[in-house]
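First comes the structure, then the notes that go with it.
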Amino acid sequence: MSATRITAADLPAGLAGIDLLIDVRSPKGRAESGEIASAIIVPKTQVEPAFTGPLAAVPKDARIVVFCGSVKGSGPVVETLTGLGFTNVADVEGGYAALKEQGIS
């Protein structure tokens, strides 16, 4: 998988094989809509510092799935991660709402 957009239905059961599920929604968005327990929270503006700092040990071929409230939020994060050399990054069409609809919590 390269930098791409996937649907929540494309995700494997129980997120098997997903190394990192990243929530880049705002604190307000998470407070209003809820969170997904298995997701790590990385603010959009902190993605590059996080992956060149505390998350620098994440393998470049790790399967990373990013979600936001919209692709306007997650799309640029996928581009940032790809620019940092990650080769297996996708974002979720429909974001958080699609994940919840699919029963991912």
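The values are calculated or read from the model by the stated rules, or taken from the named source; none is laboratory data. Quick caveat, the model's predicted, so the values are computed rather than measured. Backbone-built Cβ (ideal geometry, glycine too); neighbour counts: all protein chains shown. When the accessible area is computed, the model is the full protein with side chains, heavy atoms only, and any ligands, DNA or RNA have been set aside. Shrake-Rupley method; radii C 1.70, N 1.55, O 1.52, S 1.80 Å.
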Task: Selection status of A37, touching a helix residue (DSSP H, G or I) at 6+ places or on another chain (Cβ under 6 Å) and modelled with pLDDT under 95 - done: no
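When only residues in region 52-105 that are aromatic (F, W, Y) and under 17 Å from E32 (Cβ atoms) count, which is farthest from the chain's Cα centre (by Cα)? Outline the logic, then answer.
Within region 52-105, the first condition is being aromatic (F, W, Y), and the residues that meet it are 67, 86, 96.
Among the residues that remain, those that are also under 17 Å from E32 (Cβ atoms) are: 67, 96.
Values: F67: 4, Y96: 10 Å.
It comes out as Y96.
Is it the case that A9 is assigned to a loop (DSSP other than H, G, I, E, B), exposed (fewer than 13 other Cβ atoms within 10 Å of the Cβ) and modelled with pLDDT under 95?
The answer is no for A9.
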- [ ] State which residue is nearest to L99 (Cα to Cα) when the search covers only region 12-23 and only residues that are open to solvent by 50 Å² or more (accessible area, probe 1.4 Å) and part of a loop (DSSP other than H, G, I, E, B).
- [x] A16
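Could you tell me how many of the residues in region 57-105 are of a type in the set (F, W, Y) and under 22 Å from G14 (Cβ atoms)? So that I can check it myself, show each step before the final result.
Let us first name the residues in region 57-105 that are of a type in the set (F, W, Y), namely 67, 86, 96.
Within this subset, residues satisfying the condition of being under 22 Å from G14 (Cβ atoms) are 67, 96.
Within region 57-105, residues that are of a type in the set (F, W, Y) and under 22 Å from G14 (Cβ atoms) number 2.
Going through V65, V47, V89, V58 one at a time, which residue ends up being in contact (Cβ under 8 Å) with a residue 60 or more places away in the chain, out of contact with any Cys (no Cβ under 8 Å at 6 or more places or on another chain) and of a type in the set (A, V, I, L, M)?
Details: V65 fails: in contact (Cβ under 8 Å) with a residue 60 or more places away in the chain; V47 fails: in contact (Cβ under 8 Å) with a residue 60 or more places away in the chain; V58 fails: in contact (Cβ under 8 Å) with a residue 60 or more places away in the chain.
When all the criteria are applied, what remains is V89.
Among the residues of region 24-33 satisfying the criterion of being over 15 Å from G94 (Cβ atoms) and either among the basic types (K, R) or touching a residue at least 60 places away in the same chain (Cβ under 8 Å) (or both), which is most open to solvent (accessible area, probe 1.4 Å)? Let's see the steps before the verdict.
Initial filter on region 24-33 (over 15 Å from G94 (Cβ atoms)): 26-28, 30-32.
Keeping just the survivors that are either among the basic types (K, R) or touching a residue at least 60 places away in the same chain (Cβ under 8 Å) (or both) gives 28, 30.
Values: K28: 134, R30: 38 Å².
So, considering only residues that are over 15 Å from G94 (Cβ atoms) and either among the basic types (K, R) or touching a residue at least 60 places away in the same chain (Cβ under 8 Å) (or both), the one most open to solvent (accessible area, probe 1.4 Å) is K28.
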